[in-house]
Amino acid sequence: MGNGSFQVSWTSPRDLPTGSDRPTITGDGLAFGAPTVEADGRTVTALVTADRAPLPAELDVVLSGDRLDEAGFDPSTGTADDAMPPRITRELDAPDPGRPGPYDVVSSDYDWDPVKLPGMPEPIEMVGHVVEPAPGEATGPRPLVLFLHGRHSVCYNPTDPDDFADGWPCQAPMEEIPSHLGYDYVQQLLASQGYATVSVRVNGINAQDDRLADGGADARAAIVQEHLDGWVDLAAAHQVDLDKVVLVGHSRGGEGVDRASIQIRTSAPYRIAGQVLLAPTDFAWHTAPYVPTVTVLPYCDGDVYDLQGQRFTDVARGMAPDDTSLKSSVMAMGTNHNFFNTEWTPATAVAPSWDDWGGDRDETCGTRHPGRLKPWQQRAVGKAYVAGAVRLFTGEGEYTPMYDGSPVTVDSIGDAEVLTHAIGGGRSLRRPGNEARPTLTTGDADARLCTGISSGSGSFAICGRRNRDWVTPHWATGGEPVPTRQFLEFAWQESGAAGGLRFAAPLDLSSDRLELRTIADPTYADPDVQVRISDSAGGSALLDPEPGTGPTPMPEVAWATKLWATAVVVDARDATGVDLTDITSVELVAGTPRGRVWVADLAAAPEEVAAVPDRRLPQVRIGNVRIDEGAGGIKVARVPFDIVGNVTRAGRFAVFTAGQQRGQVQRLVVDVAPGQTSGSIPVEYNADRQFGHDQQTLIALWPLQGIATDDYLGQLLVVDDDPAPDVDIDVTRRVREGGTIEITVTLEGATGVGTEVLARAVRGEGEDLRGVDVPRAWLEDHSDARHPQRPLWRTRTFVYDQVSPRRGTVTLRIPVRRDGVREGTEFLSVLVATGIGERARYRIKVLDRD
């Protein structure tokens, strides 16, 4: 693109798989815009800002943790010690949500008129699968649970298991994959418990979202709202209470329902009471303030490999000071991405399906490993935690312990291991940074603040330093243009060492329990810690965490060990010698000789989840701008943003631009004032009088505080309006064997960019020059040298170079051998093309010298 902005592409030798994660181009120290996949289904493209054009060897193309441009599957070998320590749990003191309820159920389907959406050439189907209590069942008003499936293959051939297609609509003999039927097992359970449910199909989006920078999240949100709009007319007949709508999204469907929760205003004829996100994507780093959210993370997710759904919890941490909605993360050990949907699971799907985990079958997460759940066991976990969340969101607070870090289990999930933590819900939170600073350590230990970044760098300023193979859901990957957070890193080398956080404002634990979201370093033995709380007068108490809630290292998996925070829970109410209303510091005291943990935050958590205000944050939406370059040197364009909703208090969002001129990367924070309805993002560009490329700058917005982001990706396109230089092409029209054909291209006029020149052999008339007529070494560099007896045009022979702005001219050379064979005149036809549109064909005569 010029001016320090480069468009990089990589083409796969085969079609890219259809899944929820998206292929991403990466490179150390480089900043990339959102990737897209071209219409061929094989080519990944992204805009990168750099001082020079990056070399192919400096880049990788990564999909689901695997480098596609490198041979082999990265997460495939060995593990040091994959055993999790046994964890003490207790039974939930409430009816098991994974067990069927007392009501008979009925099923039905609807097929409404398709809907046309922006960016989608073909309309999207409006199909729903309804499972609900039978009409005569006295359930009272029934909350509605809407399911949205994720991104999967669209069409299949029932007679050929290897024949898939993602064209839309499906053409005979292809049939649609009924992904929306894959949650019927949860729908049946919920309907038996008194809920109305509908699962909607979005194959039309899955077939058309490759070129959308947001991965189709906005389109999925639109379809959710279209279905809910339709249910306004159906609600009375189905006894549905639209004041209690719960959204359940799987995979990209998770990001889609969260986007819908952000967009749906409190004035809508339905109210989102909560959402459950199963193995979701979150390309936008979004979260839905004031919407209770449970995010289920499968430890063995082979598709959304980085467990980016953790962002739905973490991003919410500082978004709105009065947001009391619970944000819970559920780590489901031994579960994968696909098997929450029966239509993505072998043996239960009508179309061919697969296990998304691609590692060694005998290692952690492999299908033969004892810690890996069978499909039916994974569905049991899915049923219990979806149904428990639905019941929690619709008023049954006794299900809170399933999601807040308490060491509870339910009988219906058997021996499955599930870990949880939460923020929100009325917690009084303290975050490392300005709210909480490190205490002085005692013993051989170190406590420091670090930035939540994972990188190969050895800098002690970042938490995930020298990390090459850990998956870090709480931390950004080095080079990601996103806001970061601070963590407390506590490392010790002797038992009894202590370190922690001192608060700017005291914490009240007189009626609330203490929770610390704590990441354990799996390279050390299982940490054994106590917790010391202290007040401002110097009083302190040393307490044990609740059994089953100590820092828990995750199982080690090559390239896939997760650094994920478990909840350390402490009940301080019986502590003596300390003022529980005035806790000014919390420290961890080591009970093992060595170890390291990172504390994400800590909180005083009430026994009951607080009520959630019926409000939504205003949303910022960025636009696109296209302007002519003009002249005058460095100029500033302004890309507008609009704000939907009322800004009643100051808000902030972060801005990142990729493709900035002169190799600069722009990061800035935008403050939004009360009453503000619009604004703009300044972007510099170079307005010169030289012919060049269009200048493209991509803009991404990330939410910080007081305002949500909706349409978060924008663009400035500066169209070059300078005249193209004249092109003079001088070609040797006649040469003898042993000589050289020269093609000289000269640009006459001001240009600021290099221009590609390609000369390609094409089919001509008469005796064509063949591979044996040029030197073998030259042929190997410029052609397919396997068949030298063929004419050069048949072996795709070409010669390429670039006219630099400084030289203004370039000469392409084709050497001709003197073969010592007496023969007639031969000919070579070439097509010469330049990067500015010139194309000309020439016929060259080659005379025999023997």
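Counting only DSSP beta bridges with both residues in the range 90-423, the antiparallel share comes to about 45 percent. With a cut-off of 9 Å between beta carbons, the residues surrounding Ile262 carry a summed charge of 0, where Lys and Arg count +1 and Asp and Glu -1. Here is the size of the range 567-709 from its Cα atoms: Rg then Dmax, 24.3, 78 Å. Taking 0.36 nm per residue of separation and subtracting the Cα-Cα distance, full extension of the segment from Val232 to His787 would add 192.9 nm.
How much of the pair distance distribution for the range 568-619 lies past 17 Å, counting alpha-carbon pairs only, in percent?
Result: 61 percent of Cα pairs exceed 17 Å.
Counted over the range 393-509, the DSSP beta bridges are approximately 70% antiparallel. Relative intensity of the range 726-847 on a log10 scale, I(q)/I(0) at q = 0.20 Å⁻¹, equals -1.07, per a Debye sum over C-alpha point scatterers of equal strength in the absence of solvent. Mean sequence separation of contacting Cα pairs (under 8 Å, at least six apart), scaled by the length of the chain, corresponds to a relative contact order of 11 percent. Selection among Leu588, Val639, Val578 by position relative to the dipole of the chain gives Val639 as farthest towards the positive end (Cβ unit charges, Cα centre). For the range 90-423, the alpha-carbon radius of gyration amounts to 0.93 times the rule-of-thumb value 2.2 N^0.38 Å expected for a compact globular protein.
Of the GluC sites (Glu not before Pro) found in the range 781-843, those that fall in a DSSP loop while having at most 12 other beta-carbon atoms within 10 Å are Glu823. The Cβ shell under 11 Å around His238 holds other residues with a net charge of -2, Lys and Arg each +1, Asp and Glu each -1. A convex hull fitted to the Cα coordinates of the range 428-605 yields 107 cubic angstrom per residue. Beta bridges per DSSP, both residues in the chain: antiparallel share near 75 percent.
Summarising the label geometry, the points placed 7 Å from Cα in the beta-carbon direction at Asp819 and Asp111 lie 6.4 nm from one another.
From the alpha carbon centroid of the range 326-340 to that of the range 718-771 is 59 Å.
Dipole of the range 619-719 computed with +1 at Lys/Arg Cβ and -1 at Asp/Glu Cβ about the Cα centre; of Val719, Gln705, Gln690, farthest Cα towards the positive end is Gln705.
Farthest toward the positive end of the dipole of the range 90-423, out of His129, Gln378, His421, is the Cα of His421, where the dipole comes from beta carbon charges about the Cα centre.
Which GluC sites (Glu not before Pro) in the range 321-402 sit in a loop by DSSP (not H, G, I, E or B) and have at most 15 other Cβ atoms within 10 Å of their own Cβ?
Passing sites in the range 321-402 are Glu396.
Placing +1 on the Cβ of every Lys and Arg and -1 on the Cβ of every Asp and Glu, with no other charges, gives the chain a dipole of roughly 2060 debye about its Cα centre.
Annotated for the chain: lysine pairs at least 8 residues apart or interchain, Cα distance under 23 Å, count 6.
Looking at (1) 1.04; (2) 1.00; (3) 1.20, which value of Rg/Rh (Cα atoms, Kirkwood Rh) comes from a calculation on the structure shown? Of the listed options (1) 1.04; (2) 1.00; (3) 1.20, (1) comes from this structure.
Taken together, the values in this text are just the output of simple stated rules run on the coordinates, not laboratory data. The structure displayed is predicted, hence computed values, not measured ones. Every residue, glycine among them, receives a Cβ derived from its backbone with ideal geometry; neighbour counts consider all protein chains shown.
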